[in-house]
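What follows is a set of notes on a single structure, which appears directly below.
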Amino acid sequence: MSAAINTTAADTAMAAAAPLLRVRDLGIAFAAGKPVVQGVSFDLQAGQKLALVGESGSGKTLTALALLGLLHGARASGQAWLGGAGSAAALDLLSLPEARLRALRGSDIAMIFQEPMTAFNPLMTVGAQIVEALRLQKTLAPERAWQQTMELLGKTGIAEPARCARAYPHQLSGGQRQRAMIAMALARQPRLLLADEPTTALDVSLRGQILDLLAALQQETGMAVLLITHDLNLVHRFADRVLVMEKGRLLEQGSVARIFSAPEHPYTQCLLASRPERDVAENVAATAAAPDTTPPSPPVLAAQALGVNYPARLPGLRGWFKKGRFAALRPTSFTLAPGRTLGVIGESGSGKSTLALAALGLLPFDGQLQVAGRAWRHQSAADRPLRRMVQVVFQDPFSSLSPRLTIEEIVGEGLRVHAPHVTAEQRASRVRQALADVGLTEAALPGLLARYPHECSGGQRQRIALARALIVDPALLVLDEPTSALDVTIQKQLLQLLQQLQKSRGLAYLLITHDVDVVRAMAHEVLVLKDGQVVESGPALQVLTAPEHPYTQRLLAAA
């Protein structure tokens, strides 16, 4: 039976119109396993923007894949009428043969995947892949198909359609790849567009641009959009109606205004209450030494005229005789004291990651950069003590954790390098303690130490990555988008954990992020980067509440 659904009079009136898609009692189960989606029912009107929200594992993506017949190894039950049940032209997507579904994909239903880098064929240019989609629909001359590809790319706002069409996926930026994916999805003018986390990996301004683009294209073509996401800000800005899922069941649905203003189900209330909260020590002294006894402790990180330049080819004949330089990070100066967080925000290509790599001693740089008073020398043996003091937590723990090592081996690996004198028993004990410090114990997760990363959830993997960094007792953590791939509830838990660890250990954080809410919750000071240059800096709350630079104002408005 389907779960009870909360509706309003307005919702009932809208449902009275013939829907483009009518899903009834959808269930999904893998072979010899329990159902992972049960009793999901909803309607989607033509020209409507419907958001499907919930945490990882709630069944959002499986629901969308079932509509396309892409559930490999799983069986779908129920009904999903395209064209509305009872209509002479209606089709039950869940009972169609593969050949009929293949004809519908792209022409009637298209999908934008979460990560276009893996969805595109890396061996074909972007333009060739869009041409391929166009020529599947009808017989087109190659020249006409290429012309339509240019028109589609131009419609998505790509500045140089011809150049981007001749590029391979890896040669485009994240925003360009996402726009190209949208162009390919729209190539055959579908009636229904499924957008699976289309902006997760993009910075706030690009997110806004992609949302505005989808809204404009939706109004122009009249297609319906089913948006799958865990980003509630995105839902509030884009959608007309919301469906809330948890553990494969549909708990609540209604208009965006009603759901956000008066959520009825406790799970929906929990999701809306999961915004990051600021809980940091505001008045951490930069120096902890008593006056007239010992000299003040140095900053954990100090940069003076720090710059990073890459060689670049000069145009024309000059390029044959002389190399130019591309300034990825223009000279900037800052300090980071113990127990403080420096937030670095900006769009893709602004220099955030370059700054992080320089702080980690992984890039040659100009100017001065010191960690606890010591400079990087770019020599393996000389820099080893600094490597222990500076650790990093990456954006995607699934790709940063070795799939061949167990959790015990991953967390204990740093001790093998920086504390080779520690015995195997001591190392195992410290691994358990490090995992316990981040909220992971074998009592709660039996066999944790012997598990591999793929056997853990996304939030657990990020905690494991944090334990791996903490086990060597660093003074500075470089946090590179540590929560962008996590659900809102898991994100809030991880930020609370980082705040507690900073208070108890006096850790300094260099926080690289495009999430303004995370910066507001965590940072003491902020650097705003644009095109490799700091355009604004200062106390976090001051910059975020009263930004002076127009670029900062645009970033905050986009958020």
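The values are calculated or read from the model by the stated rules, or taken from the named source; none is laboratory data. As the structure is a prediction and not an experimental result, all values here were calculated from the model. So basically every Cβ, Gly included, is an ideal-geometry build from the backbone, and we count neighbours across all protein chains shown. Side chains are part of the model used for accessible areas, which takes the heavy atoms of the whole protein and leaves out ligands, DNA and RNA. Shrake-Rupley method; radii C 1.70, N 1.55, O 1.52, S 1.80 Å.
I need every pair where a residue in region 298-316 that is part of a loop (DSSP other than H, G, I, E, B) has its Cβ under 9 Å from the Cβ of a residue that is surrounded by fewer than 13 Cβ atoms within 10 Å (Cβ to Cβ), sequence separation at least 6 or different chains.
Every condition considered, the pairs that remain are Pro298/Gly373; Pro299/Gly373; Leu314/Trp320; Leu314/Phe321; Leu314/Lys322; Leu314/Lys323.
Could you pull out the residue among Ala76, Ala89, Ala99 that is farther than 19 Å from Leu193 by Cβ, of a type in the set (A, V, I, L, M, F, W, C) and assigned to a loop (DSSP other than H, G, I, E, B)?
When all the criteria are applied, what remains is Ala89.
Give me the residue from region 521-554 that is surrounded by fewer than 19 Cβ atoms within 10 Å (Cβ to Cβ), among the aliphatic types (A, V, I, L, M) and in contact with a helix residue (DSSP H, G or I) (Cβ under 9 Å, 6 or more places away or on another chain) and, out of that set, farthest from Pro482 (Cα to Cα).
Val535
Quick one: which helices (runs of 4 or more DSSP H) lie wholly within region 122-180 and hold at least 2 residues that are among the aliphatic types (A, V, I, L, M) and touching a Leu at 6+ places or on another chain (Cβ under 7 Å)?
126-137, 142-155
Out of (1) open to solvent by less than 30 Å² (accessible area, probe 1.4 Å); (2) part of a helix (DSSP H, G or I); (3) not acidic (Asp, Glu), what's the single condition that is false for Val472?
(2)
Tally up the residues in region 168-199 that are crowded, with 17+ Cβ neighbours inside 10 Å, without any contact (Cβ under 8 Å) to a residue 60 or more places away in the chain and over 26 Å from Gln45 (Cβ atoms), please.
The total comes to 4.
May I ask you to list pairs of residues, at least six apart or on different chains, whose Cβ atoms are under 6 Å apart, with the first in region 418-431 being at pLDDT below 95 and the second being part of a helix (DSSP H, G or I) and open to solvent by 70 Å² or more (accessible area, probe 1.4 Å)?
Qualifying pairs under 6 Å: His418/Arg388.
Restrict the check to region 244-259 and report whether at least one residue is assigned to a helix (DSSP H, G or I) and either touching a Lys or Arg at 6+ places or on another chain (Cβ under 7 Å) or open to solvent by less than 30 Å² (accessible area, probe 1.4 Å) (or both).
yes
Kindly evaluate Leu202 against the criterion of being in contact (Cβ under 8 Å) with a residue 12 or more places away in the chain, not in a loop (DSSP other than H, G, I, E, B) and not aromatic (Phe, Trp, Tyr).
Considered against the rule, which asks whether it is in contact (Cβ under 8 Å) with a residue 12 or more places away in the chain, not in a loop (DSSP other than H, G, I, E, B) and not aromatic (Phe, Trp, Tyr), Leu202 comes out as no.
Here is a yes/no grid of residues against (1) crowded, with 17+ Cβ neighbours inside 10 Å; (2) at pLDDT 95 or above; (3) in contact with a strand residue (DSSP E or B) (Cβ under 7 Å, 6 or more places away or on another chain); (4) assigned to a loop (DSSP other than H, G, I, E, B):
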{"position": "Leu494", "(1), (2), (3), (4)": "yes, no, no, no"}
{"position": "Leu501", "(1), (2), (3), (4)": "yes, no, no, no"}
{"position": "Ser504", "(1), (2), (3), (4)": "no, no, no, no"}
{"position": "Tyr509", "(1), (2), (3), (4)": "yes, yes, yes, no"}
{"position": "Val519", "(1), (2), (3), (4)": "yes, no, yes, no"}
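Of everything in region 335-351, what is open to solvent by less than 70 Å² (accessible area, probe 1.4 Å) and either touching a Phe, Trp or Tyr at 6+ places or on another chain (Cβ under 8 Å) or at pLDDT 90 or above (or both)? Give them in sequence order.
Leu336, Ala337, Pro338, Gly339, Arg340, Thr341, Leu342, Gly343, Val344, Ile345
Report whether or not Ala64 is open to solvent by less than 40 Å² (accessible area, probe 1.4 Å), in a strand (DSSP E or B) and either of a type in the set (Lys, Arg) or modelled with pLDDT of 90 or more (or both).
no
I'm told Thr139 meets every condition in (1) under 21 Å from the mean Cα position of the chain (by Cα); (2) of a type in the set (Val, Ile, Thr); (3) open to solvent by 60 Å² or more (accessible area, probe 1.4 Å) except one. Can you identify the failing condition by its number?
Condition not satisfied by Thr139: (1).
Given the conditions (1) in a strand (DSSP E or B); (2) of a type in the set (A, V, I, L, M); (3) open to solvent by 30 Å² or more (accessible area, probe 1.4 Å), and given that Leu26 satisfies all but one, which numbered condition is not satisfied?
(3)
Would you confirm, using the coordinates I've provided, whether Ser58 is modelled with pLDDT of 75 or more and more than 28 Å from the chain's Cα centre (by Cα)?
For Ser58, the condition - modelled with pLDDT of 75 or more and more than 28 Å from the chain's Cα centre (by Cα) - is not met.
Which condition from (1) buried (at least 20 other Cβ atoms within 10 Å of the Cβ); (2) farther than 23 Å from Leu250 by Cα; (3) in contact with a Phe, Trp or Tyr (Cβ under 9 Å, 6 or more places away or on another chain) is the one that Gly106 breaks?
(3)
Given (1) part of a strand (DSSP E or B); (2) surrounded by fewer than 17 Cβ atoms within 10 Å (Cβ to Cβ); (3) not hydroxyl-bearing (Ser, Thr, Tyr), where does Phe398 come up short, assuming only one miss?
(1)
Per-residue answers, yes or no, for (1) in contact with a helix residue (DSSP H, G or I) (Cβ under 8 Å, 6 or more places away or on another chain); (2) under 19 Å from Leu501 (Cβ atoms); (3) assigned to a helix (DSSP H, G or I):
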| position | (1), (2), (3) |
| --- | --- |
| Arg404 | no, no, no |
| Arg427 | yes, no, yes |
| Ala436 | no, yes, yes |
| Leu445 | yes, no, no |
